[in-house]
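Single-structure report; data block below.
The values are calculated or read from the model by the stated rules, or taken from the named source; none is laboratory data. Given the structure is predicted, the values throughout are model-derived calculations rather than measurements. Cβ atoms come from the backbone with ideal geometry, glycine included; neighbour counts cover every protein chain shown. When the accessible area is computed, the model is the full protein with side chains, heavy atoms only, and any ligands, DNA or RNA have been set aside. Shrake-Rupley method; radii C 1.70, N 1.55, O 1.52, S 1.80 Å.
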Amino acid sequence: QVQLVESGGGLVQEGGSLRLSCVASGSIVRFNSMRWYRQAPGKLRELVAAITSGGTTNYADSVKGRFTISRDNAKNTVYLQMNSLKPEDTAIYYCNAYRTIGGVWGQGTQVTVSS
């Protein structure tokens, strides 16, 4: 069973940047896509960005133009570059390795954006 470990979260001022990393204990090419979700207090978990095994990306409207998802298959790592951060981006960010059956979740990393 592949395990995912996120890192890179922290406290940043509005307008700042962070880069999240998600390292898998095994190959990520076996998954249909790699995804970043986030969950703010009192809210449902939402999909932020996804990247397929072929490199196709898609983003939530709220982060388009500010966030960039990328992957390094050789390192079994997925990244989320977050720029122009806003207080509403504050949440726990989760990495997800998606496939129809048997997807995997990381434990999350906290991102806090102060105004």
Solvent-accessible area per residue, Å², over segment 20-115 with all protein chains present [probe radius 1.4 Å]:
49
All other residues with a Cβ under 11 Å from the Cβ of THR57 taken together, and with Lys, Arg as +1 and Asp, Glu as -1, what is their net charge?
+3
Residue-span extension gain [SER62 to GLN13] - 0.36 nm each, minus C-alpha spacing:
15.8 nm
Set the Förster radius R0 to 22 Å, insert the Cβ-Cβ distance between ILE101 and THR52 as r into 1/(1 + (r/R0)^6), and round the FRET efficiency to 0.05.
0.80
Tell me, what % of the accessible area of segment 1-113 is carbon and sulfur with a 1.4 angstrom probe?
47
